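**Student:** Below is the structure I would like to discuss, written out as C-alpha cells.
The values are calculated or read from the model by the stated rules, or taken from the named source; none is laboratory data. Because the structure is predicted, anything quoted here is derived from the model rather than measured. All Cβ positions, glycine included, derive from the backbone under ideal geometry; neighbour counts span all protein chains shown. When the accessible area is computed, the model is the full protein with side chains, heavy atoms only, and any ligands, DNA or RNA have been set aside. Shrake-Rupley method; radii C 1.70, N 1.55, O 1.52, S 1.80 Å.
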Amino acid sequence: MLGTQVPEDAETVTWSDGHITILPTVMREGQNVLTEDAELTKKLAEVPTSKPGSEFVTHFNFQDTSRDELILGIRASLGEGKCVVVRGAAKPGPAELSMEYLEKRYRIQSTARVDMHDMELRAKEFSKPHVAGTVGDLISGILNPNEQRCILDCLIHTGLPEDLIVLDDGLMAWRRSIGDCPLEGKFVHPDNFLVNGWGLIHQGGVVTTPHHDSEGQNTFVIGDIGLKFWVWFFYKDRKDRRALLQASKSLGDKYDFSQFAAESITVYPGDLIIQPPGQLHSVYTPIPSFTRGGHFYSYETLPFTELSRWLDRCAGLLLTNQAHEHTEETLWRMTAVIPRLPPNEVPHRRPLLALCHMVLSAEKYVAQGSRSAILNKNAPKAIRSSSKDRAIAIAHKILQHMDVAARDLPSILTTATDLDAVVDLGNCLSEFQHV
C-alpha cells in the first residue's frame, strides 16, 4: 500500500495478533493531518486479541456447529451481554474490491448518491465529515493516497445469513402481528425494513472512533472483501448507569480506555460478528474493504436495548454514529404479538419488564438529535400506529399480572437481582387471543 494507496512515508503498527498495518495518513504540506486518528489506531493495536473462552466474547466455527446449537448459543450469549464471533459463516467475496462486483452481487449502482465520510474533514470538525457523491466516486478513488473516505449507509437487499434469520425477533413480530394490527391506511417508517441490511465501503486506513450503534439494536457484520480490526470495550458494571454514561463519554471524546476491559477481533472475509445493543466498539479498516451487515431486535437483549436507548437520550450526539427513528413501532409489535407466543418464547422477567417500560414511557427514549413523529399526540391519523394501543394495553396487563407498578420500573430495572426468572403469564392475556 505504501506509495500507492497511502503516502510512502506513512507509519506502520503491529497489532496484538501479529498483523502489521499502515496508520491513518493524509499528508498536507509535509504533515499528517490525521495524527489523532493515528494515535487512536496505535492504542487499538495494543488491545489483546479475543480468544475462545473469553469472558466477554463467545467464539463459534460455523462448520463445526449445528444450526440449532448456533441459534441457541448466539441467543444465550447476546442475552448475557456477550459479543459473538462465527468464523466461516458466509462465502467470501473476491480478493479485490471492484464496482463490477458490487453491481453484480448486491445491485449497488455506481451512480447511487451517497454521503461519503472524509477523514480529513472529520479531523477539522468531527460533526461535519460528509462529502456528497456517488458510490462510483469512492470506488474510482479507492487507491488514492491523498484521501481517506468511506460510505456507512449503502443500503442493500441482504440481512442475516439464512440459517440465522430467526434471531430477528423484531422482523418476526412484524410478520406475526399483521393479523392483529393491519397496515392498511397506516404509515410505516421505512427504517423498520431498511436497517436490516447495509454495506460499508472503505478505503484503506480509515478508523471509526469509539461509539455504540443507535436505538438499542443488535448489530451483525459479515466480512466480504478486505479486513477489519474490530475492538470491543466492556464496562465492568452496567447497573451503575451514571458511571457508565460518564465512562462512555470519556471513551468517545477522549479515547480513554482505562475504565474498560477491551478485546479485538480480526474480521476476515466470510466471518460473522454480532454485538448486543449498546456495545461500545471502534473499528480500523487497514485495506480497501466491503463489509455487509445490519441491525435487529431480540427479546433476550431488551434490557440492553433499554439501557442503550437511555444512553442515547442522555448523550446520543456523542455516543452514536447514526440515528434511526423507527424503534417504537417495532417494540409495539414485539409486545402486540406476546399473547400469541408459545410459552417457551415468552421473554424472561428482565426483558419483559424492559419492554413494558419502553412501551409505556416511549417519550423517555427519544435519542438526542432525533424526532419521532409517531409519538406526537397531534400526529395525522395516517401515521398513528395500529399496534400502539394494543401494545400499551398488553403491557399494563402484564405488569398487573406480575404485581409491578409502572412507576417502579426504572428502579427495578437498575437494582433488582431476580430479573432473569421465567415468567408464567397464565391466562392474563386471554382477551388478546381472540380471532
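**Student:** What ranking do 347-353, 239-245 get when scored by the average of other Cβ atoms within 10 Å per residue, highest first? Show your work: numbers first, answer last.
**Tutor:** Details: 347-353: 22.3, 239-245: 14.1.
Averaged packing, sorted descending, gives the order 347-353, 239-245.
**Student:** Please turn the phi angles of the stretch 83-90 into ³J(HN,Hα) values with the Karplus equation 6.51 cos²θ - 1.76 cosθ + 1.60 (θ = phi - 60°), one per residue in order, whole Hz, x for glycine and proline.
**Tutor:** Coupling constants for the stretch 83-90: 7, 10, 10, 10, 6, x, 7, 9 Hz.
**Student:** From Cα pairs below 8 angstrom and at least 6 apart in sequence, can you work out the relative contact order of the chain, rounded to a whole percent?
**Tutor:** Values: 857 pairs, mean separation 75.4, N = 435.
Contact order relative to length: 17 percent.
**Student:** So how long is each side of the chain along the principal axes, counting just the alpha-carbon atoms, biggest first, in Å?
**Tutor:** 70, 44, 44
**Student:** Angle between the Cα long axis of helix 388-402 and the longest principal axis of the chain, 0 to 90 degrees, nearest 10?
**Tutor:** The answer is roughly 70 degrees.
**Student:** Can you send over the carbon and sulfur percentage of the accessible area for the chain, probe radius 1.4 Å, protein chains only?
**Tutor:** In the chain, the share of accessible area belonging to carbon and sulfur is 50 percent.
**Student:** So with the 1.4 Å probe, I'd like the accessible area per residue for the chain, rounded to whole Å².
**Tutor:** Working: 19240 Å² over 435 residues.
About 44 Å² of surface per residue is accessible.
**Student:** Same structure, new question: Once you've got the Cα coordinates, tell me which of Lys42/Lys239; Lys364/Lys397; Lys51/Lys249; Lys228/Lys249; Lys128/Lys249; Lys91/Lys228 are over 26 Å apart.
**Tutor:** Details: Lys42/Lys239 31 Å; Lys364/Lys397 21 Å; Lys51/Lys249 28 Å; Lys228/Lys249 24 Å; Lys128/Lys249 19 Å; Lys91/Lys228 17 Å.
Pairs exceeding the cut-off: Lys42/Lys239; Lys51/Lys249.
**Student:** Give the ranking of Met402, Met27 by solvent-accessible surface, highest area first, calculated with a 1.4 Å probe. It would help to have the intermediate numbers written out before the result.
**Tutor:** Details: Met402 30, Met27 50 Å².
So, going from the largest accessible area down, we get Met27, Met402.
**Student:** How much net charge surrounds Pro48 when only other residues with a Cβ under 13 Å from its Cβ are counted (Lys, Arg +1; Asp, Glu -1)? Each step should come with its number before you reach the end.
**Tutor:** On the way: positive: Lys43, Lys51; negative: Asp17, Glu46, Glu55, Glu263.
Every neighbour counted, the sum reads -2.
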